[in-house]
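Following: one structure in structure tokens, then a few remarks.
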Amino acid sequence: MSTHRDTQVLIVGTGFSGLGMAIELKRTGRHDFVVLEKAADLGGTWRDNSYPGCACDVPSHMYSFSFELNPRWSRMFAQQQEIWDYLRRVADKYDLRGHITFNSEFDGARWDEAAKVWHVETKHGDTYTAKALVAGVGALHIPNVPELPGIEEFRGKSFHSARWDHDYDLTGKKVAVVGTGASAIQFVPEIADRVESLTLFQRTPPWILPKADRSISAWEQRLFRLLPFTQRLYRDFVYWTRESSALGFAVNPKIMKFAQGIAKRHMVKQVPDRAMRAKLTPDYTMGCKRVLISNDYYPALRKPGVELVTDGIAEVREHSVVDSAGVEHEVDAIVYGTGFHVIDAFGYLDIVGKDGRNLAKEWQDTGIESHFGITVSGFPNFYFLLGPNTGLGHNSVVFMIESQIRYISQCLDLVDRHHADELDVRPEVQRAFNRELHRKLRKGVWTEGGCKSWYLDAQGVNRTVWPGFTWRYWMRTKKVRADDFTITARANRDRVPA
Ligand SMILES: Cc1cc2nc3c(=O)[nH]c(=O)nc-3n(C[C@H](O)[C@H](O)[C@H](O)COP(=O)(O)OP(=O)(O)OC[C@H]3O[C@@H](n4cnc5c(N)ncnc54)[C@H](O)[C@@H]3O)c2cc1C
């Protein structure tokens, strides 16, 4: 039976974004909120990606909430299960589960101009009205399976890395892996020993740096627990080390040459065969695509039964994959390590704002634009977490999420302080922000680096990444500027002067 509920704030998603927002609402005394989650459990990325070897690639002491440090991280780069456990522990500690409605997929929202609320509907037909709507739906959660000719003819097993089928045993099987991105380089070494053969289809080789991973000793964990400032110092060290790499990404891509040298030496050490190295060496500047880290990927490619195919895929047949050189590779299973729908990740959300404006349709025409990746003009009291151009190639996105959460919290305060019921970013403010953003992005490695990546839209415009230092983003979002918004007062619908 479908239900209806009125609430102050409706959050969608229970990854770092949704949970972080819920904690902030509680911290600021806002207890009337609902969190919708389409899955049966919380955790977002870290619930969905359970493939063998899945781990973060930003050190865990940085890839976690600043207000909820975890002295117990067992490795420098924690594995999926540990990060998922962390998120579940955080949700329990802040008593969030009572606010979450699981198996409840947000289907769309419509702004009610008269009542000044969002009408929200779920796929099951439940309805909500909410004064504010926060989308923490994640940009990397819709698996991207390539449209290969003949793919539907395949009679073996196939799945995407983010939907790993743990009931299907790959042991002794002939396996094709499509893609050599962040996920594939983590699971290929884990399965290479078990399978009879592994045919790895590479379209573009990634730049791979050595991974400074190790287990964290019991005494280090004790130190972090007993003297929390030591962990904070370590976190600061990680933060600033990673921030310094933004110089190469955003300021001067030539700086990347230094890191490319490290990556090349790493490859020479691990791949003695010159011809193989030629296949694995990228022809674009490091940073143009996500920079990867691994110590066991290259060695896995040298194992018996592992073959690297760089010819591309011509077609999939009932029991094989045929490469573009015409070689037919017989396989029992295909694993897609082909990433996610990123540019169109928000496009499936049916959000109708002022004057019947549909966000997805509007973005099709203008390109994906927002203000600070948080608000969009014409869509009052609606907020994104990790929205357009706030992803990162060099540091932890949890830092960005926390900046956004604080910003949204201040927006809610602003509405209350002005006894208002509508806060809408001014279009000229949004336009100016995007002009500046794209001017900076044009100079960055993502545009100048000579590659095509999931950071870019069909027009080659970067809609994904924040151009540069995260502390700049933090500073600019630290204090909400009231005059960036049109704030409409409650009783008489007057516009409140900022
Ligand atoms: C394998 C992998 C490793 C990564 N490692 C790193 C890393 O090391 N460092 C880093 O900074 N980033 C990393 N990322 C990026 C990662 O996605 C973010 O760090 C972060 O987890 C995003 O959190 P989120 O809450 O915004 O989104 P998500 O974690 O994707 O959570 C979104 C939630 O919203 C729910 N949802 C979506 N749509 C709906 C709907 N319509 N209705 C209801 N619920 C919905 C989803 O089910 C999900 O639970 C990694 C990503 C992947 C895939």
Beyond 14 Å, how much of the Cα-Cα pair distribution for the range 375-422 remains, as a whole percent? 57 percent
Give the average over all directions of the projected area of the C-alpha convex hull of the range 299-358, one decimal, in nm². 7.3 nm²
Placing +1 on the Cβ of each Lys and Arg and -1 on the Cβ of each Asp and Glu in the chain, which of 36, 143, 390 has its Cα farthest towards the positive end of the resulting dipole? 390
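Tell me what the chain gives for mean residue ellipticity at 222 nm when only DSSP H runs of n ≥ 4 count, each as -39,500 (n - 2.57), the sum divided by the residue total, rounded to 500 deg cm²/dmol. All intermediate terms of the calculation are to be shown ahead of the outcome.
Working: 14 runs with 149 residues, N = 498.
Here the helix-only value at 222 nm equals -9000 deg cm²/dmol.
Between residue 257 and residue 474, what length comes free when the chain is fully extended (0.36 nm per residue of separation minus the Cα-Cα distance, one decimal in nm)?
On the way: separation 217, 0.36 × 217 = 78.12 nm, distance 2.82 nm.
Extending this stretch completely gives an extra 75.3 nm.
I want to verify the translational diffusion coefficient of the range 387-458 in µm²/s; compute it with Stokes-Einstein, Rh as the Kirkwood radius over Cα pairs, at 25 °C and 0.890 mPa s. Please report the intermediate quantities before stating the final value.
Working: Rh = 14.9 Å.
Taking Rh from Cα pairs, D becomes 164 µm²/s.
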Let me see the pair-distance distribution of the range 195-303: every alpha carbon pair, 10 Å bin width, integer percents in order. 12, 34, 27, 20, 7, 0
Approximate spin-label separation residue 81-residue 350, in nm, with each point projected 7 Å along Cα-to-Cβ: 4.0 nm
Between 46, 99, 83, whose Cα lies farthest towards the positive end of the dipole of the range 21-125 when Lys and Arg beta carbons carry +1 and Asp and Glu beta carbons carry -1, centred on the Cα centre? 83
With a point put 7 Å past each Cα toward its Cβ, work out how far residue 283 is from residue 432 in nm, to one decimal. 4.4 nm
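By the scheme Lys and Arg +1, Asp and Glu -1, what is the net charge of all other residues having a beta-carbon under 10 Å from that of residue 171? Mind dumping the intermediate values first?
Values: positive: 173, 194; negative: 169, 193, 196.
Taking every Cβ under 10 Å from that of residue 171, the sum is -1.
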Angle in degrees between helix 427-443 and the longest Cα principal axis of the chain, rounded to the nearest 10: 20 degrees
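Counting each pair of different Cα atoms once, what's the Kirkwood radius of the chain in Å, rounded to one decimal? All intermediate terms of the calculation are to be shown ahead of the outcome.
On the way: mean 1/r = 0.0415 Å⁻¹.
It is 24.1 Å.
Based on the mean of other Cβ atoms within 10 Å per residue, sort peptides 266-275, 177-186 so the most packed one is first.
Working: 266-275: 13.4, 177-186: 24.2.
Result, highest mean Cβ count within 10 Å first: 177-186, 266-275.
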Computed D for the range 80-162, Stokes-Einstein, Kirkwood radius over alpha-carbon pairs, 37 °C, 0.692 mPa s, to the nearest µm² per second, is 195 µm²/s
Taking +1 at the Cβ of each Lys and Arg and -1 at the Cβ of each Asp and Glu, which of 345, 281, 299 sits farthest along the dipole of the range 280-402 towards its positive end, judged by Cα position relative to the Cα centre? 345
When the convex hull of its Cα atoms is projected in every direction, mean area for the range 1-148 (nm²): 11.1 nm²
Which of the aspartates and glutamates could a cross-linker span from residue 257 if the Cα-Cα distance has to be under 16 Å and same-chain partners fewer than 8 positions apart are dropped? 283, 448
Pairs to check: 211/254; 116/354; 289/440; 26/93; 174/289; 264/289. Give those whose C-alpha atoms are more than 21 Å from each other in this structure. 211/254; 174/289
Taking just the alpha-carbon atoms of the range 133-220, what radius of gyration and Dmax come out, in angstrom? 16.7, 55
In debye to the nearest 20, the charge dipole size for the chain, taken about the Cα centre with +1 at each Lys and Arg Cβ and -1 at each Asp and Glu Cβ, equals 2200 debye
At 25 °C and 0.890 mPa s, the Stokes-Einstein diffusion coefficient in µm²/s for the range 261-412, with hydrodynamic radius from the Kirkwood sum on alpha carbon pairs, is 123 µm²/s
Bounding extents of the range 58-122 in its principal axis frame from Cα atoms, largest first in Å, are 52, 21, 20
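Expressed in nm to one decimal, what extension gain is obtained for the pair residue 168 and residue 74 from 0.36 nm per residue of sequence separation less their Cα-Cα distance?
On the way: separation 94, 0.36 × 94 = 33.84 nm, distance 2.86 nm.
Length difference between fully extended and current span is 31.0 nm.
Only the coordinates and a few stated rules stand behind these numbers; no lab work does. What you are looking at is a predicted structure, and each value in this text was computed from that prediction instead of being measured. Heads up, the Cβs are rebuilt from the backbone with ideal geometry, glycines too, and the neighbour counts pull from every protein chain shown.
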